[in-house]
1. Between segment 53-119 and segment 170-218, how many Å separate their Cα centres?
2. Give the share of C-alpha pairs in each 10 angstrom bin for segment 158-229, from 0 to the last occupied bin, in whole percents, shortest bins first.
3. About the Cα centre of segment 134-238, what is the dipole size in debye to 20, counting +1 per Lys and Arg Cβ and -1 per Asp and Glu Cβ, all else neutral?
4. Roughly how big is the chain's charge dipole about its Cα centre, with Cβ charges of +1 (Lys, Arg) and -1 (Asp, Glu), in debye to the nearest 20?
5. Residues with amide H under 5 Å of Ile96's amide H, sequence separation 5 or more or different chain, H placed in the peptide plane at 1.01 Å from N; which?
6. Whenever you get a sec, line up Leu160, Leu98 from highest to lowest accessible area (probe 1.4 Å, protein heavy atoms).
7. Quick check: convex hull of the Cα atoms in the chain, volume per residue, rounded to a whole Å³?
8. Could you pull out the longest piece of the chain with no exposed loop GluC sites (Glu not before Pro) in it, calling a site exposed if DSSP puts it outside H, G, I, E, B and it has at most 15 other Cβ atoms within 10 Å?
Amino acid sequence: MNDFKEILAREAKRHDIELSDEQILQLDVFRCLLLERNKMVNLTSITESEDFAKKHVIDSLMIIKHIEIDHEAKIMDVGTGPGIPGLILKIYRPDIKLSLLESVRKKTDFLRDVIGKMNIPDVQVINGRAEEAGHDIKHRESYDIVVARAVSSLNSLLELCLPFAKLGGIFIAMKGGLPQQEIELSQKALKILGGKIVKCQEYILDEGSKRNLIIISKEQNCPAKYPRRPGIPGKNPL
(Lines give C-alpha, C1' and ligand atoms only; values in the text may rest on other atoms or scores of the structure.)
Protein backbone atom coordinates (compact mmCIF):
# COMPACT_ATOMS: atom_id res chain seq x y z
CA MET A 1 0.00 0.00 0.00
CA ASN A 2 1.06 3.61 -0.52
CA ASP A 3 1.01 6.05 2.38
CA PHE A 4 -2.50 7.31 1.62
CA LYS A 5 -4.01 3.83 1.51
CA GLU A 6 -2.36 2.87 4.79
CA ILE A 7 -3.48 6.09 6.47
CA LEU A 8 -7.03 5.73 5.17
CA ALA A 9 -7.27 2.10 6.29
CA ARG A 10 -6.00 3.09 9.75
CA GLU A 11 -8.38 6.05 10.10
CA ALA A 12 -11.38 4.06 8.88
CA LYS A 13 -10.65 1.40 11.49
CA ARG A 14 -10.24 4.05 14.19
CA HIS A 15 -13.68 5.48 13.37
CA ASP A 16 -15.35 2.06 12.94
CA ILE A 17 -15.97 2.61 9.23
CA GLU A 18 -15.70 -0.52 7.10
CA LEU A 19 -13.77 0.08 3.89
CA SER A 20 -12.94 -2.71 1.47
CA ASP A 21 -9.61 -2.86 -0.35
CA GLU A 22 -11.48 -2.02 -3.56
CA GLN A 23 -13.07 1.06 -2.00
CA ILE A 24 -9.70 2.23 -0.67
CA LEU A 25 -8.24 1.78 -4.15
CA GLN A 26 -11.07 3.77 -5.74
CA LEU A 27 -10.71 6.56 -3.20
CA ASP A 28 -6.99 6.70 -3.95
CA VAL A 29 -7.71 6.94 -7.68
CA PHE A 30 -10.13 9.81 -6.98
CA ARG A 31 -7.48 11.52 -4.84
CA CYS A 32 -4.82 11.15 -7.53
CA LEU A 33 -7.09 12.56 -10.25
CA LEU A 34 -8.08 15.45 -7.98
CA LEU A 35 -4.50 16.33 -7.04
CA GLU A 36 -3.39 16.12 -10.67
CA ARG A 37 -6.08 18.57 -11.79
CA ASN A 38 -5.39 20.69 -8.71
CA LYS A 39 -2.04 21.64 -10.27
CA MET A 40 -3.95 23.54 -12.96
CA VAL A 41 -7.22 24.48 -11.25
CA ASN A 42 -7.66 25.37 -7.58
CA LEU A 43 -9.91 22.56 -6.33
CA THR A 44 -8.63 21.91 -2.80
CA SER A 45 -6.08 23.25 -0.34
CA ILE A 46 -5.93 19.84 1.36
CA THR A 47 -3.26 17.87 -0.46
CA GLU A 48 -1.20 15.94 2.12
CA SER A 49 -2.12 12.25 2.38
CA GLU A 50 -3.02 12.31 6.07
CA ASP A 51 -5.10 15.47 5.80
CA PHE A 52 -6.85 14.21 2.66
CA ALA A 53 -7.73 10.91 4.35
CA LYS A 54 -9.08 12.58 7.49
CA LYS A 55 -10.52 15.91 6.34
CA HIS A 56 -11.96 14.81 3.02
CA VAL A 57 -12.64 11.06 3.08
CA ILE A 58 -13.36 10.22 6.71
CA ASP A 59 -15.24 13.48 7.27
CA SER A 60 -17.47 12.68 4.29
CA LEU A 61 -18.05 9.11 5.44
CA MET A 62 -19.30 10.31 8.82
CA ILE A 63 -22.59 10.85 7.00
CA ILE A 64 -22.73 7.12 6.27
CA LYS A 65 -21.77 6.26 9.84
CA HIS A 66 -24.37 8.41 11.55
CA ILE A 67 -27.29 8.53 9.10
CA GLU A 68 -29.28 5.66 7.66
CA ILE A 69 -29.43 5.98 3.88
CA ASP A 70 -32.03 3.93 2.05
CA HIS A 71 -31.07 1.72 -0.89
CA GLU A 72 -30.94 3.74 -4.13
CA ALA A 73 -31.64 6.98 -2.26
CA LYS A 74 -31.56 10.15 -4.35
CA ILE A 75 -28.89 12.48 -2.97
CA MET A 76 -28.05 16.06 -3.97
CA ASP A 77 -24.67 17.57 -3.00
CA VAL A 78 -25.03 21.36 -3.14
CA GLY A 79 -21.85 23.32 -3.84
CA THR A 80 -19.93 20.08 -4.23
CA GLY A 81 -16.67 21.66 -5.44
CA PRO A 82 -14.45 18.74 -6.53
CA GLY A 83 -17.12 16.19 -5.56
CA ILE A 84 -16.79 16.21 -1.78
CA PRO A 85 -18.64 14.70 -0.03
CA GLY A 86 -20.83 13.46 -2.92
CA LEU A 87 -18.41 11.31 -4.89
CA ILE A 88 -16.88 9.87 -1.73
CA LEU A 89 -20.36 8.79 -0.59
CA LYS A 90 -20.99 7.30 -4.04
CA ILE A 91 -17.77 5.28 -3.96
CA TYR A 92 -18.81 3.89 -0.59
CA ARG A 93 -22.45 3.39 -1.57
CA PRO A 94 -22.61 2.67 -5.32
CA ASP A 95 -26.39 2.16 -5.15
CA ILE A 96 -27.23 5.81 -4.46
CA LYS A 97 -28.48 8.11 -7.23
CA LEU A 98 -26.26 11.18 -6.99
CA SER A 99 -26.59 14.74 -8.28
CA LEU A 100 -23.65 17.14 -7.93
CA LEU A 101 -24.48 20.85 -8.09
CA GLU A 102 -21.62 23.30 -8.66
CA SER A 103 -21.62 26.80 -10.15
CA VAL A 104 -17.95 26.91 -11.24
CA ARG A 105 -17.50 25.48 -14.74
CA LYS A 106 -13.90 24.37 -14.19
CA LYS A 107 -15.05 22.27 -11.26
CA THR A 108 -17.94 20.65 -13.13
CA ASP A 109 -15.56 19.91 -16.01
CA PHE A 110 -13.34 18.09 -13.53
CA LEU A 111 -16.32 16.19 -12.09
CA ARG A 112 -17.40 14.97 -15.52
CA ASP A 113 -13.83 13.93 -16.31
CA VAL A 114 -13.51 11.94 -13.05
CA ILE A 115 -16.88 10.24 -13.49
CA GLY A 116 -15.87 9.20 -17.01
CA LYS A 117 -12.39 7.99 -16.09
CA MET A 118 -13.62 6.07 -13.05
CA ASN A 119 -16.72 4.80 -14.87
CA ILE A 120 -19.05 5.84 -12.02
CA PRO A 121 -22.74 5.29 -12.95
CA ASP A 122 -25.85 7.19 -11.85
CA VAL A 123 -24.17 10.54 -11.26
CA GLN A 124 -25.60 13.76 -12.67
CA VAL A 125 -23.41 16.87 -12.78
CA ILE A 126 -25.25 20.19 -12.79
CA ASN A 127 -23.38 23.39 -13.61
CA GLY A 128 -25.48 26.09 -11.99
CA ARG A 129 -26.44 27.99 -8.89
CA ALA A 130 -28.68 26.60 -6.17
CA GLU A 131 -30.88 29.72 -6.34
CA GLU A 132 -31.82 28.81 -9.94
CA ALA A 133 -31.67 24.99 -9.83
CA GLY A 134 -33.94 25.08 -6.77
CA HIS A 135 -36.79 26.27 -9.00
CA ASP A 136 -36.22 23.59 -11.67
CA ILE A 137 -39.07 21.07 -11.57
CA LYS A 138 -36.57 18.25 -12.23
CA HIS A 139 -34.83 18.96 -8.95
CA ARG A 140 -37.17 20.89 -6.67
CA GLU A 141 -38.42 18.84 -3.72
CA SER A 142 -37.32 15.55 -5.28
CA TYR A 143 -34.33 14.35 -3.22
CA ASP A 144 -34.29 12.01 -0.23
CA ILE A 145 -31.13 13.61 1.13
CA VAL A 146 -29.53 16.98 0.43
CA VAL A 147 -26.05 17.64 1.79
CA ALA A 148 -23.84 20.71 1.90
CA ARG A 149 -20.31 20.97 3.20
CA ALA A 150 -20.04 24.72 2.95
CA VAL A 151 -18.83 27.72 4.90
CA SER A 152 -22.10 29.61 4.45
CA SER A 153 -24.18 30.32 7.54
CA LEU A 154 -26.91 27.80 8.30
CA ASN A 155 -29.75 30.26 7.66
CA SER A 156 -28.36 30.90 4.16
CA LEU A 157 -27.80 27.19 3.51
CA LEU A 158 -31.36 26.37 4.48
CA GLU A 159 -32.74 28.59 1.74
CA LEU A 160 -30.31 27.16 -0.81
CA CYS A 161 -30.74 23.49 0.12
CA LEU A 162 -34.15 22.74 1.65
CA PRO A 163 -36.02 23.42 -1.63
CA PHE A 164 -34.29 20.33 -3.11
CA ALA A 165 -35.45 17.98 -0.34
CA LYS A 166 -38.72 16.15 -0.79
CA LEU A 167 -41.33 16.05 1.98
CA GLY A 168 -40.04 13.64 4.58
CA GLY A 169 -36.50 14.00 3.23
CA ILE A 170 -33.57 15.50 5.08
CA PHE A 171 -30.95 18.19 4.65
CA ILE A 172 -27.55 17.57 6.25
CA ALA A 173 -25.40 20.61 6.97
CA MET A 174 -21.78 19.65 7.68
CA LYS A 175 -20.47 22.11 10.25
CA GLY A 176 -17.62 22.77 12.64
CA GLY A 177 -17.50 22.26 16.36
CA LEU A 178 -19.63 25.14 17.68
CA PRO A 179 -22.82 25.42 15.60
CA GLN A 180 -25.18 26.50 18.40
CA GLN A 181 -25.23 30.19 17.47
CA GLU A 182 -25.93 29.32 13.82
CA ILE A 183 -28.77 27.07 14.93
CA GLU A 184 -30.30 29.84 17.02
CA LEU A 185 -30.06 32.31 14.13
CA SER A 186 -31.69 29.84 11.75
CA GLN A 187 -35.03 29.50 13.58
CA LYS A 188 -36.84 32.01 11.35
CA ALA A 189 -35.54 30.33 8.18
CA LEU A 190 -36.59 26.91 9.45
CA LYS A 191 -40.13 28.14 10.12
CA ILE A 192 -40.48 29.84 6.73
CA LEU A 193 -38.96 26.97 4.71
CA GLY A 194 -40.68 24.06 6.48
CA GLY A 195 -37.67 22.53 8.15
CA LYS A 196 -37.10 21.08 11.61
CA ILE A 197 -33.77 20.26 13.24
CA VAL A 198 -34.03 16.67 14.42
CA LYS A 199 -30.45 16.07 15.51
CA CYS A 200 -27.06 17.69 15.86
CA GLN A 201 -24.58 14.82 15.67
CA GLU A 202 -21.19 15.74 17.08
CA TYR A 203 -18.09 13.70 16.27
CA ILE A 204 -14.35 14.00 16.76
CA LEU A 205 -12.58 13.92 13.43
CA ASP A 206 -9.14 14.17 14.97
CA GLU A 207 -7.67 15.27 18.28
CA GLY A 208 -8.98 18.76 18.97
CA SER A 209 -11.18 18.75 15.86
CA LYS A 210 -14.88 18.58 16.65
CA ARG A 211 -17.38 18.49 13.81
CA ASN A 212 -21.17 18.35 13.58
CA LEU A 213 -23.82 17.04 11.24
CA ILE A 214 -26.92 19.19 11.59
CA ILE A 215 -29.81 17.03 10.40
CA ILE A 216 -32.94 18.86 9.29
CA SER A 217 -36.15 17.12 8.25
CA LYS A 218 -38.41 18.57 5.56
CA GLU A 219 -41.77 18.92 7.30
CA GLN A 220 -43.60 21.19 4.82
CA ASN A 221 -43.21 22.31 1.22
CA CYS A 222 -41.06 25.40 0.73
CA PRO A 223 -43.00 28.48 -0.41
CA ALA A 224 -42.64 28.93 -4.19
CA LYS A 225 -40.70 32.20 -3.88
CA TYR A 226 -37.70 30.46 -2.27
CA PRO A 227 -34.86 30.36 -2.96
CA ARG A 228 -34.64 34.03 -3.86
CA ARG A 229 -32.57 35.25 -6.79
CA PRO A 230 -28.79 34.57 -6.94
CA GLY A 231 -26.78 36.21 -4.20
CA ILE A 232 -29.68 37.28 -2.00
CA PRO A 233 -29.72 34.28 0.42
CA GLY A 234 -26.07 34.97 1.27
CA LYS A 235 -26.33 38.74 1.50
CA ASN A 236 -29.67 38.89 3.27
CA PRO A 237 -30.37 35.59 5.07
CA LEU A 238 -33.86 34.83 6.33
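1. Taking the Cα centre of segment 170-218 as reference, the centre of segment 53-119 is 20 Å away.
2. 20, 49, 24, 7, 0
3. Numbers: 16 positive and 10 negative charges, 84 e Å.
The calculation lands at about 400 debye.
4. Numbers: 36 positive and 34 negative charges, 200 e Å.
Dipole about the Cα centre, nearest 20: 960 debye.
5. Excluding prolines and chain starts, which carry no amide H, the hits are Glu72.
6. Working: Leu160 30, Leu98 5 Å².
Correct descending sequence by accessible area is Leu160, Leu98.
7. Values: hull volume 27.9 nm³, N = 238.
Spelled out: Cα convex hull of the chain, divided by residues, is 117 Å³.
8. Details: sites that count: Glu18, Glu48, Glu68, Glu72, Glu207, Glu219.
Excluding the exposed sites themselves, the longest stretch runs over 73-206.
The values are calculated or read from the model by the stated rules, or taken from the named source; none is laboratory data. Not measured: the values here are computed from a predicted model. As a convention, Cβ positions derive from the backbone with ideal geometry for all residues, glycine included, and neighbour counts pool all protein chains shown. Keep in mind that these areas ignore ligands, DNA and RNA; they rest on the heavy atoms of the full protein, side chains included. Shrake-Rupley method; radii C 1.70, N 1.55, O 1.52, S 1.80 Å.
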